[in-house]
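For reference, the structure discussed in these notes is given below.
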Amino acid sequence: MSTTARTGADISTLQKIKNTLAENFGGPTSKLGSRQFSLDECPDLTGKVAVVTGGSQGIGFGVAYTLLKHNLAKLYIISLSSDKIEKAKATIAAELGRDKADRVIWKQCDLADWRRVKEVAEAIAKDTDRLDILVNNSGRGIMNAQLTDYGVDRHMAVNHMGHVVLTSYLLPVMKKTAEQGNVVRISNQSSNAHKGAPADTKFASLAEINRDSGPNGQYGRSKLAGLLYTRYFDRNVTQKGHPNVLMNATHPGFVSTKQSTEDIHEPYPISGYAMSYGMDPFKKSQFEGAVPTVFAVTTTNNSGQFICAPATPEKASEMARSDELMENLMELTKNVVRERTGGESVVSL
């Protein structure tokens, strides 16, 4: 091997290391990535409308705040707590002005309640004649296994299935917006933790996804689902007649949010302190964590990618690239949602 070839390989390996550091950690480390993007580069969003799930705190708030700062016309925030949304709006009013805070419309909803998700989506679609941005951000973190009222694993019900229902019922207005010459962008909050999904994951049955695979396994499986859904949507919507409706998945890195400071102590009462406190100096702020999502929903013109912070498309795991798992997941999702809601909520493209 020539010296030139060895040098090129060494540089490539070094840059991969730098990208990994930039993806996961905050501060100056985030500047090491091969592809940069900052929240200040968010384009002007005058006239545009967005929906952000979990937009009243954490990464979701970082995204919501940034979109409003760049002149978003209307923002629907879907979340649970009235106290948190009021605090969020108060912060926006104090820092961006009352006019920006008044552009926020709150919809209370648990993403695990698919009938309610349908109601909220239909109400939004009725209230607006356009939808340019959908941020599927809200999620259950690394926590113990739990079943919803529908008898479905809560990680999958919230992180994946609830967002699929939401996207399905908002899709007609997004397609209409795209047909008018606009680029519509959707992001799914995934994670490098998708690599922690159980090795025997098949998405073959409800019994399988209801099986307790441990906190990291439960979480990883739901994040794997987000990546597979992204590929499925790109293949069946974007590439089949709707080239201006884009969907990408994102990885924010280690971010200081309620998930990493409080929720982690439910499954790991003692060892969780390594994450909540030991890692704290290296974590990203909620705004640093928002960077790849903002890039995905305002700037990229690609679809079906896994965008890691700050704005670098990366190759996901072999399982995330499996067509068989992708098809199994979406067939299971459609069947479970239809059966568990008695047909009141469905999944369609």
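The values are calculated or read from the model by the stated rules, or taken from the named source; none is laboratory data. Computed from a predicted model, the values in this text were never measured in an experiment. Cβ coordinates were reconstructed from backbone atoms using ideal geometry, including for glycine residues, and neighbour counts include every protein chain displayed.
Anything in the range 74-113 that is under 21 Å from Val158 (Cα atoms), buried (at least 20 other Cβ atoms within 10 Å of the Cβ) and either over 20 Å from the mean Cα position of the chain (by Cα) or of a type in the set (Phe, Trp, Tyr) (or both)? List them, or say none.
Tyr76
Out of (1) assigned to a helix (DSSP H, G or I); (2) crowded, with 24+ Cβ neighbours inside 10 Å, what's the single condition that is false for Leu246?
(1)
Which of the residues belonging to the range 180-229 are outside any helix (DSSP H, G or I), free of Cβ contacts under 8 Å to residues at least 40 places away in the same chain and in contact with a Lys or Arg (Cβ under 9 Å, 6 or more places away or on another chain)?
Once the filter is applied, which keeps residues that are outside any helix (DSSP H, G or I), free of Cβ contacts under 8 Å to residues at least 40 places away in the same chain and in contact with a Lys or Arg (Cβ under 9 Å, 6 or more places away or on another chain), the range 180-229 yields only Pro198.
What do you reckon, is Arg130 modelled with pLDDT of 95 or more, outside any strand (DSSP E or B), of a type in the set (Lys, Arg) and surrounded by 14 or more Cβ atoms within 10 Å (Cβ to Cβ)?
Numbers: modelled with pLDDT of 95 or more: yes; outside any strand (DSSP E or B): yes; of a type in the set (Lys, Arg): yes; surrounded by 14 or more Cβ atoms within 10 Å (Cβ to Cβ): yes.
Yes.
Quickly run through the range 74-111 and pick out the residues that are over 19 Å from Ala121 (Cβ atoms) and of a type in the set (A, V, I, L, M, F, W, C).
Selection gives Ala88, Ala90, Ile92, Ala93, Ala94, Leu96, Ala101.
Residue by residue, here is whether (1) crowded, with 22+ Cβ neighbours inside 10 Å; (2) modelled with pLDDT of 95 or more; (3) within 14 Å of the chain's Cα centre (by Cα) holds:
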{"site": "Phe203", "(1), (2), (3)": "yes, yes, no"}
{"site": "Pro215", "(1), (2), (3)": "no, no, no"}
{"site": "Tyr229", "(1), (2), (3)": "yes, yes, yes"}
{"site": "His251", "(1), (2), (3)": "yes, no, yes"}
{"site": "Thr261", "(1), (2), (3)": "no, no, no"}
{"site": "Tyr268", "(1), (2), (3)": "no, no, no"}
{"site": "Met275", "(1), (2), (3)": "no, no, no"}
{"site": "Met279", "(1), (2), (3)": "no, no, no"}
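Kindly list, by first and then second residue, each pair from a residue in the range 316-338 that is within 16 Å of Ile209 (Cβ to Cβ) to a residue that is surrounded by fewer than 20 Cβ atoms within 10 Å (Cβ to Cβ) and not aliphatic (A, V, I, L, M), limited to pairs with Cβ atoms under 7 Å and residues at least 6 apart or on different chains.
Asn328/Lys202
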